[in-house]
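**Student:** Take this structure first; my questions come after.
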Amino acid sequence: MTDSQLQDNQARDRLTAWGLGIVALIFRVWHLQYPKGFVFDEVYYAQNANSMLHHGVELDPKTGAAQFIVHPPIGKWLIAAGVKLFGYHEFGWRISAALVGTASIVMIFYIAKRLFNNYFLALSAGILMAADGLHLVMSRTALLDIFLMFFTLLGFLFLLRSQHWAAGIALGLAAATKWSGVYYLVAYLAFTLYAEYRQNRALEIEQPVRQTVREKLFLRSMQYLLIPIFVYAMSWIGWFFNTSGYDRNWANSQHGGFFSFIPRPIRSLWHYHSEMWDFHTTLTASHPYAANPWSWLIMGRPTSFYYQAPQGCGARACAQEVLALGTPLLWWSGCIAIAITIGYWITRREWQSGLLLLSVAAGYLPWFDWQKRTVFNFYTIAFEPFVILIIVFVLSKFLEPNEEGVIPRSRQLASYGYLAVVVINFLYFLPLYLGSIITYNHWSSLMWFPSWI
C-alpha cells in the first residue's frame, strides 16, 4: 500500500468514526432530560455524585449523615463532572453517560479495524453497537455500568496495542467503578502471560530469549496488578481527605493489634471494604426484575427502568417506559455467533477468537457463581462490546474469499441484509429506549414475551 493510499484510508476511517459518533450522540442526547426525575438507580448514583461534588464523599442529602455505599467512586465522579458542567438536573447527571457511550462506539470501530484489518467489518461493529438498545438505554441513564464497560473496552484497546501500562490504568479505573472490573484484570494478565510464553517458546527455537520468564512476570505484575491497585486507591482520595465519610474514623476506636503499624485511614478503608464485600455476597432481596444469568444473552427478563401511564398520546390509554432491552435480533444472533466462535477456537486456535471469548467470559461467567444474589440483565452491558466483536468475527469468516480470491456476491448481500435487519429491529423498539409516550396498544405490541412486562 502506498503512502497516498494509507493516508486516504486513514482519512476515510476518521470520517467514518466522526460520522458514527455524531449519529450516536444525537440518539443519546435527544430529549436526554426526559423522563423527568430519577430513573431506576439514578436515585442513588445521581445523589451520590452531587454529594461528592460538594463534600468529596457520599452524604445523605436530607440528614447530612455519612452513607454506606457499596461501589467505588470513579463512576460517580464522572457523573459529578456532568453535574458540575450543566447543573444538578436530569441532563446534567446523564450527560457523562451519553458522552462515554458515544465514545465507546467510536472506539469499537477502531478496535474492530485493528482486529480484522477490514473497513467493512469495522463499520459493521460501529453500526451494531450504535443499534443496540441496551447500549442506548445505559448511555441515557446515570448508572455505573456504562462507565465500567467503557474502561474495560479501553483496556482491551490498549492490550491490542501492547500498551500494557495504559491498559493497567484503564482496567484499574474499571475496577474503581465496579468491582466486577477485577475479572478483566485477571483475564488480560493471564492472556498476556500466555501469549508471551508462546512467543518465548517460539524464539527459543531460533535464538536465546532476551528476557527471563521471571522478569516478564514481574513487569506484567506491575502493569496489571500494582498499577491498578494504585489507581483504585487514588479513586478514594475524596474519602481519605474528608473525615465525614462512612467508616472514615472506624480505626480510631479500634485497637489495631498486630496491624497497628498500618495507618488508621487504611485500616478504616479495609474495614469499609469488608462491609462492602459482605453486602455484595449476601444480597438476596427479592426484586421484580431480577434475572438469572442463564437468561441474560437471550434477553429473558430485561429490566424496566421507568414506567408511567401518562396522557398525551391521542388515545384513551397511554404508556411510557424505559426498558433496558438489548436489540433482540442482535443478541439472539450473538448467541449463535458465540457458539460458532467457540467452534473456530477449538479447531483453529485463532488468537482473535480466543481473546474475544475470554473477554465475554470475564464479564459473564463469574455471575453464575452468585445464583442466590440479586442480579439484573443490564449487567450484560459490561461485555456487550465483545458480543458484537464476536458477531463481526463470524462475519469475517462468512466473508472470506473463495478459492478464486473472490467474496461471493450473495454473502456480501446477506451481510448487508443482516445489518439492515438489526437496525430496523432497533428502530422498532426505539420508543422503549427513549421513553417516548405511546399508546398502550403500541406498547403492548412491543412486549413480545410475558417476561418482558
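No lab work stands behind these numbers, since they all come straight from the coordinates. Just so you know, these numbers come straight off a predicted model, no measurement behind them. Don't worry about glycine lacking a Cβ; one is built from the backbone with ideal geometry, like all the others, and counts go over all protein chains shown.
**Student:** Hey, how much of the P(r) for region 323-380 falls beyond 19 Å, as a percent of Cα pairs?
**Tutor:** Numbers: 704 of 1653 pairs.
Counting pairs separated by more than 19 Å, the tail of P(r) holds 43 percent.
**Student:** Kindly state, to the nearest 0.05, the FRET efficiency for residue 11 paired with residue 41, given R0 = 45 Å and r defined as their beta-carbon distance. Present the calculation step by step, with values, prior to reporting the outcome.
**Tutor:** Numbers: r = 42 Å, r/R0 = 0.94.
Once rounded, the FRET efficiency stands at 0.60.
**Student:** At a Cα cut-off below 20 Å, give the lysines reachable from residue 62, other chains included and same-chain residues fewer than 8 away excluded.
**Tutor:** Cα-Cα hits under 20 Å: 76.
**Student:** Would you mind ranking 434, 365 by Cβ crowding within 10 Å, fewest neighbours first? Working shown, then result.
**Tutor:** Values: 434 20, 365 12.
Least crowded to most crowded, the residues run 365, 434.
**Student:** Enumerate the amide H contacts of residue 305 below 5 Å, restricted to partners 5 or more residues apart or on another chain; note that Pro and chain-start residues carry no placed amide H.
**Tutor:** For residue 305, whose amide H was placed from the backbone, the distant partners under 5 Å are 322, 323, 324.
**Student:** Moving on. For the chain, can you list the cysteines whose C-beta has no other cysteine C-beta under 4.7 Å from it?
**Tutor:** 335
**Student:** Now a separate question. Can you tell me the FRET efficiency between residue 233 and residue 23 if r is taken as the Cβ-Cβ distance and R0 is 25 Å, rounded to the nearest 0.05?
**Tutor:** Numbers: r = 39 Å, r/R0 = 1.55.
Efficiency at R0 = 25 Å is approximately 0.05.
**Student:** R0 = 35 Å: FRET efficiency of residue 273 with residue 424, Cβ-based, nearest 0.05?
**Tutor:** Details: r = 47 Å, r/R0 = 1.33.
It comes to 0.15.
**Student:** Mind checking which aspartates and glutamates have their C-alpha under 20 Å from residue 372, skipping anything on the same chain fewer than 8 residues away?
**Tutor:** Residue 372 reaches 275, 278.
**Student:** Still on this structure: Using the C-alpha atoms of the chain, what convex hull volume per residue, in cubic angstrom, is computed?
**Tutor:** On the way: hull volume 85.5 nm³, N = 453.
Value for the chain: 189 Å³ per residue.
**Student:** If each of residue 55 and residue 197 carries a label point 7 Å out from its Cα toward its Cβ, how far apart are those two points in nm?
**Tutor:** Reported label-point gap for residue 55 and residue 197 is 4.9 nm.
**Student:** Here's something else I'd like to know. Just report the Cα centroid separation between region 160-198 and region 61-107, whole Å.
**Tutor:** What the calculation gives is 24 Å, centre to centre.
**Student:** Continuing with this model, one more query. Mind listing the phi-derived Karplus ³J(HN,Hα) values for region 225-241, rounded to whole Hz, using 6.51, -1.76 and 1.60 with θ = phi - 60°, and x for any glycine or proline?
**Tutor:** Result, ordered by residue: 10, 5, 4, x, 4, 5, 4, 4, 4, 5, 5, 9, 4, x, 5, 5, 9 Hz.
**Student:** Could you derive backbone 3J(HN,Hα) for region 155-170 from the dihedral phi with the Karplus parameters 6.51, -1.76 and 1.60 (θ = phi - 60°), listing whole Hz in sequence and x where the residue is Gly or Pro?
**Tutor:** Computed from phi, the couplings for region 155-170 are x, 5, 4, 5, 4, 4, 8, 6, 9, 6, 5, 5, 4, x, 5, 4 Hz.
**Student:** Leaving out same-chain residues fewer than 8 places away, which lysines sit with a Cα under 23 Å from that of residue 113?
**Tutor:** Leaving aside lysines fewer than 8 places away in the same chain, those within reach of residue 113 are 397.
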